[in-house]
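Comments concern the structure below.
Derivation of every value follows stated rules applied to the coordinates shown; laboratory data play no part. Quick caveat: nothing in here was measured; it's all calculated off a predicted structure. Quick reminder, even Gly has a Cβ in these numbers, built from the backbone with ideal geometry, and neighbours come from all protein chains shown.
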Amino acid sequence: MTLDPEGGFEQIMSMARGFQVAKMLMVAVDLGLFDFLAEPKSAEQTAAWLQADARATGIFLNGLAALGLLEKSGDTFKNRQLASRFLVRGSENYRGAIIKHMEHTWERGWEDLKETVRAGHPAQADPEKWLDARPERDASEVRAFIWGMHAIARDLAPQVAAKLDLKAVRRLLDLGGGPATYAINFAQANPGLVATVFDLPMPLEIARENIAKNGLTDRVGTLAGNFLQDDIGRGYDFIWVSQILHSHDEEQCKLIIAKAVAALAPGGTLAIQDFYLNADGASPPGAAMFGVHMLAVTPRGRAYTHGEVAEWVEAAGLAAPSLIHSGMDASILVAKKK
């Protein structure tokens, strides 16, 4: 959000009220309201379905209508086009998982941001154990996170696959690949390519679901492990690292890059996609805000400038990297092994 210095205080009030819209959306998704309102229903019918208070339900539905998520006609409400397209469970385009994930980050990070700024890391996150403890997190929360990553990546991955030259690539590693969205798209766009998705065991359960759904079990495999501790393999022509570095501190980022470089075959390529900051550290706005998000929900993460990551990549032995804008505030740093 860009503020007009000549504008009025309403701009600041709009920022202060931002939580209201976010929480309404999260609650509506959590309640499954958009599933029920695929067809017109009254507030009373909706309240009965929810086993909720009729007065409160009516007020809430009117608020969702004011936001443009619902259409109100007389005494009935139904989904508008965007809600029907993206927020009805079971539909091909359902993206509710990322909304659930954002709600989890609200509950497990953003609510305590003041204390986090004072302490330097979230109070509930032990900086020494947080990464190792992730496999023990609630399974439903992990599924929301991984499917949420798929919800974001599924639109961007085909664009990325078209921008990267993978024609000569035979072995590709998707490091920390989560739901395998990118590996799947790379394989679909390049018939001669075989991919491996490396991640923790719980994310790989979802990756295998996604791979099987797309009929690629013969060309996209999985390898379980912690990339900070375990061997990631060798001899890859191309290693893809997407939205991983921002969850880690500088030393961990350098370790990840060093392991990737060691795993590349001679002449292989490393591509690192992230929300990169400009040299000023405060732009673009999306990357700067994402840096605050990492402060709120991880003990060590932040957004990095593309210059910082380029230095680490070169220090690890790769040729001068280039930057490709991929979309959705993300860019890809690409460099070849000497």
ask   = Where is the GNM fluctuation largest for the chain (alpha-carbon springs, 10 angstrom cutoff): VAL241, VAL292, VAL261?
value = VAL292
note = Once amide hydrogens are built 1.01 Å from N within the peptide plane, the residues lying 5 or more places from GLY268 or on another chain with amide H under 5 Å from its amide H are LYS337
task = Report the FRET efficiency, 1/(1 + (r/R0)^6), for THR2 and THR217, where r is their Cβ-Cβ distance and R0 is 51 Å, rounded to 0.05.
result = 0.65
ask   = For the range 190-251, with equal point scatterers placed on the C-alpha atoms only and solvent neglected, what are the log10 I(q)/I(0) values from the Debye formula at q = 0.23, 0.26, 0.27, 0.29 1/Å, to two decimals?
value = -1.15, -1.32, -1.35, -1.40
query = Distance in nm between label sites at LEU31 and SER140, each 7 Å beyond Cα in the beta-carbon direction?
reply = 1.8 nm
ask   = In terms of modelled amide H atoms, which long-range or inter-chain residues lie less than 5 Å from the amide H of TYR304?
value = LEU277
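Over the range 103-336, what is the percentage of antiparallel beta bridges among all DSSP beta bridges, to the nearest 5? Don't skip to the end; give the middle numbers.
On the way: 11 of 32 bridges.
Of all bridge pairs located within the range 103-336, approximately 35 percent are antiparallel.
For the range 199-287, just say rounded, prolate or oblate: build the C-alpha gyration tensor, square-root its eigenvalues into a ≥ b ≥ c, call rounded for a/c under 1.5, and beyond that prolate if a/b exceeds b/c, oblate if not. If you can, show how the numbers build up before the last one.
Details: a/c = 1.88, a/b = 1.45, b/c = 1.30.
Here the range 199-287 falls in the prolate category.
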key: Phi-based couplings in Hz for the range 227-235 (Karplus 6.51, -1.76, 1.60; Gly and Pro marked x)   = 5, 7, 10, 9, 5, 9, x, 8, x
Average projected area [Cα convex hull, the range 10-90], square nanometres = 5.7 nm²
ask   = Can you list the HN-Hα couplings for the range 197-205, worked out from phi with the Karplus curve (6.51, -1.76, 1.60; θ = phi - 60°), rounded to whole Hz and with x for Gly and Pro?
value = 9, 9, 6, 5, x, 5, x, 5, 4
query = How much length, in nm to one decimal, is gained on full extension between ALA22 and GLN51, taken as 0.36 nm per residue of separation minus their Cα-Cα distance?
reply = 8.1 nm
Neighbour-count ranking [beta-carbon atoms within 10 angstrom, fewest first] of SER84, SER242 = SER84, SER242
ask   = Hey, fewest Cβ within 10 Å first, where do GLU103, GLU44 land in order?
value = GLU44, GLU103
Label-point separation in nm, SER283 to GLU92, each point 7 Å along Cα→Cβ = 4.1 nm
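Using only the alpha carbon atoms of the range 251-316, find the Kirkwood hydrodynamic radius as the inverse mean reciprocal pair distance, in angstroms to one decimal. Can you show the working numbers first?
Values: mean 1/r = 0.0778 Å⁻¹.
After inverting the pairwise mean of 1/r, the radius is 12.9 Å.
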note = Percent relative contact order for the chain, counting Cα pairs under 8 Å at least six residues apart, stands at 12 percent
ask   = So if R0 is 45 Å, what FRET efficiency would GLU111 and ASP165 give, r being the distance between their Cβ atoms, rounded to the nearest 0.05?
value = 0.50
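Just want the ordering: SER42, SER73, SER331, from fewest to most Cβ atoms lying within 10 Å of their own Cβ. Don't jump to the answer; show the numbers that get you there.
Working: SER42 16, SER73 9, SER331 19.
Exposure proxy ranking, most exposed first: SER73, SER42, SER331.
In square nanometres, what is the average projected area of the Cα convex hull of the chain? Provide the component values of the computation, followed by the final result.
Values: hull surface 77.3 nm².
Mean shadow area of the hull around the Cα atoms is 19.3 nm².
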key: Per-residue HN-Hα couplings for the range 5-17 [Karplus 6.51, -1.76, 1.60; θ = phi - 60°; Hz; x = Gly/Pro]   = x, 8, x, x, 5, 4, 4, 5, 5, 4, 5, 5, 7
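Please give the FRET efficiency for MET15 paired with ALA320, using the beta carbon to beta carbon distance and R0 = 45 Å, rounded to the nearest 0.05.
Details: r = 40 Å, r/R0 = 0.89.
That pair, MET15 with ALA320, gives E of 0.65.
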